[in-house]
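The values are calculated or read from the model by the stated rules, or taken from the named source; none is laboratory data. Note that the structure is predicted; figures quoted are calculated from it, not measured. Neighbour counts run over all protein chains shown; Cβ positions are idealised from the backbone, glycine included.
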Amino acid sequence: MRPTTDLQQLRNDFIRRFKRIGYNTTPGDAGILRILVEVSRAKRGLEIGTATGYGAIVMGLGFERNGGHLTSIDPDPKMVRAARANIRKMQLQEVVAVVTGEALKVIPKLDGPFDFVFIDAVKQAYLRYLRAVEPKLKARAIIVADNVIQFADVMQDFLDAVQNDPKYQTVIIRASDEKNDGMAVIYQGK
């Protein structure tokens with residue numbers, strides 16, 4: 001579906017004025033996520049950690065363009081309500097669904113396969129999130145993990161796993177100077 005010019009303007013204005021909080025991804029990071037979604041032609045996405053939905057909205061635009069769907073998980077009911085309200089304002093509720101719950105309990109209940117995954121939740125649990133989603137990954141899936149520079153010490157097990165497993169190609173990128181951090185972009189080439 002191609003949005004109308006009025007809807008595109010509403011969405012551009014909403015994103016530009018979005019009241020981000022500390023848990024939201026930055027505009028630069030959200031932009032690279034959308035680009036990765038679109039160029040990979042991802043159709044089934046999973047986001048672990050929603051906050052108020054800024055990243056989900058920006059990625060959702062890419063999934064909408066691809067004719068796909070994004071499922072986002074967050075344990076905080078207040079954040080989920082805020083994210084859902086923001087998604088409705090963007091008229092993306094048919095493309096982006098937000099699920100309330102602990103990711104490690106929700107992921108096993110979700111239908112796969114997923115061809116795009118964004119991890120931005122409890123940093124010490126990144127490896128457990130990866131292991132939970134691995135059986136549901138489509139061949140050639142892309143996984144993006146946020147905050148891998150500032151929190152490298154608490155997620156070293158995750159970083160070792162994706163950098164040393166031959167089925168993954170991993171690169172650390174910095175798409176935004178705003179937070180002085182970076183993301184791991186992981187390609188599962190099997």
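Residue-by-condition table, conditions (1) part of a helix (DSSP H, G or I); (2) of a type outside the set (Val, Ile, Thr); (3) surrounded by 13 or more Cβ atoms within 10 Å (Cβ to Cβ):
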position: Lys78; (1), (2), (3): yes, yes, no
position: Ala82; (1), (2), (3): yes, yes, yes
position: Asn86; (1), (2), (3): yes, yes, yes
position: Leu92; (1), (2), (3): no, yes, yes
position: Ile107; (1), (2), (3): yes, no, yes
position: Gly112; (1), (2), (3): no, yes, yes
position: Asp115; (1), (2), (3): no, yes, yes
Would you mention how many residues in region 136-177 are of a type in the set (Ser, Thr, Tyr) and assigned to a strand (DSSP E or B)?
-> 2
Going through region 141-162 one residue at a time, which ones are modelled with pLDDT under 95 and either polar (S, T, N, Q) or within 17 Å of the chain's Cα centre (by Cα) (or both)?
-> Asp146, Asn147, Val148, Gln150
Of the candidates Ala51, Ala125, the one satisfying the condition of being under 28 Å from Ala152 (Cβ atoms) and assigned to a loop (DSSP other than H, G, I, E, B) is Ala51
Given the structure, is Gln91 at pLDDT below 95 and either hydrophobic (A, V, I, L, M, F, W, C) or over 15 Å from Ala51 (Cβ atoms) (or both)?
-> yes
In region 151-190, the residues that are in contact with a helix residue (DSSP H, G or I) (Cβ under 6 Å, 6 or more places away or on another chain) and of a type in the set (Phe, Trp, Tyr) = Phe151, Phe158, Tyr168
When every residue in region 16-30 that is outside any loop (DSSP other than H, G, I, E, B) and surrounded by fewer than 16 Cβ atoms within 10 Å (Cβ to Cβ) is compared, the one modelled with the highest pLDDT is Arg17
Subset of region 138-177 (residues that are within 22 Å of Asp29 (Cα to Cα), of a type in the set (A, V, I, L, M) and in contact with a Pro (Cβ under 9 Å, 6 or more places away or on another chain)) = Ala141
Check on Lys123, under 15 Å from the mean Cα position of the chain (by Cα), surrounded by fewer than 20 Cβ atoms within 10 Å (Cβ to Cβ), in contact (Cβ under 8 Å) with a residue 24 or more places away in the chain and more than 21 Å from Arg44 (Cβ to Cβ) | yes
Restricting attention to region 88-96, does a residue exist that is closer than 30 Å to Gly189 by Cβ and touching a Gly at 6+ places or on another chain (Cβ under 6 Å)?
-> yes
Hey, Arg128 hits all of (1) out of contact with any Leu (no Cβ under 8 Å at 6 or more places or on another chain); (2) surrounded by fewer than 18 Cβ atoms within 10 Å (Cβ to Cβ) but one; which does it fall short on?
-> (1)
